[in-house]
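For reference, the structure is listed below as structure tokens.
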Amino acid sequence: MTEREPNETPPIQEWTEPEKWVWQQVCEGKIADFNARYQELDPGSAEGWSDARLISPVFLETILLKAPFLGSLCRRGVRVVGAWIKEPIELSNAHLAHEFWLDKSRIHLPVKLRFARIAEFISFEKSVFMSGVDLSFAQIEEQINLNGVKVCGDLNM
């Protein structure tokens with residue numbers, strides 16, 4: 001028995017092919033694993049990373065925080081592995097109501113979750129942040145997984 005029927009919320013036309021693929025995987029309750037789709041890459045090395053793995057912070061904000069996408073998430077939330085993000089992630093003051101994984105990923109610019117309220121598990125396992133991560137004053141009600149994370153800038157918690 002599945003937790004719910006597959007999601008019927010279609011992707012936004014402007015999303016890139018990798019973003020549409022991530023949304024499809026999320027809607028099916030699966031991990032959007034670029035490493036399984038292509039090959040496993042080292043987030044600490046620039047070698048091999050291409051636009052086939054590129055997702056935008058705007059995409060993440062849309063599916064994590066905006067209707068109808070937020071209401072379409074299953075209980076497993078948004079689980080992404082092996083993504084490449086080249087723009088800053090700004091989720092300060094956001095309320096994340098579902099699980100959010102961004103594991104084994106390469107993130108170039110700062111990630112800001114200042115004053116965010118995170119109700120579920122959040123994971124950045126084995127990801128590399130080429131700039132800082134700011135979790136100042138974030139309320140994490142469950143757990144945060146930072147196993148194997150590398151931050152090349154400031155880490156504020």
(message) Please determine whether any residue of the range 13-22 is modelled with pLDDT of 95 or more, more than 30 Å from Asp154 (Cα to Cα), of a type in the set (Phe, Trp, Tyr) and open to solvent by 40 Å² or more (accessible area, probe 1.4 Å).
(response) no
(request) State all residues of the range 31-62 that are under 23 Å from Leu73 (Cα atoms) and exposed (fewer than 13 other Cβ atoms within 10 Å of the Cβ); if no residue qualifies, say none. (result) Ala36
(request) Just one of (1) open to solvent by 30 Å² or more (accessible area, probe 1.4 Å); (2) among the small types (Gly, Ala, Ser); (3) touching a Phe, Trp or Tyr at 6+ places or on another chain (Cβ under 8 Å) trips up Gly71, so point out which. (result) (3)
(request) Might you let me know whether the range 92-106 holds any residue that is open to solvent by 70 Å² or more (accessible area, probe 1.4 Å), without any contact (Cβ under 8 Å) to a residue 24 or more places away in the chain and over 20 Å from Ala32 (Cα atoms)? (result) yes
(message) For the range 108-151, give me each residue that is more than 23 Å from Trp49 (Cα to Cα), touching a Lys or Arg at 6+ places or on another chain (Cβ under 7 Å) and surrounded by fewer than 17 Cβ atoms within 10 Å (Cβ to Cβ).
(response) Ser136, Phe137, Gln139
(request) Output the residues belonging to the range 54-81 that are under 10 Å from the mean Cα position of the chain (by Cα), farther than 15 Å from Ile122 by Cα and not aliphatic (A, V, I, L, M). (result) Ser56, Pro57, Phe59
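The values are calculated or read from the model by the stated rules, or taken from the named source; none is laboratory data. Just so you know, these numbers come straight off a predicted model, no measurement behind them. Neighbour counts are summed over all protein chains in view; Cβ atoms, including those assigned to glycine, are modelled from backbone coordinates with ideal geometry. Surface accessibility is based on the protein's heavy atoms, side chains included, excluding ligands, DNA and RNA. Shrake-Rupley method; radii C 1.70, N 1.55, O 1.52, S 1.80 Å.
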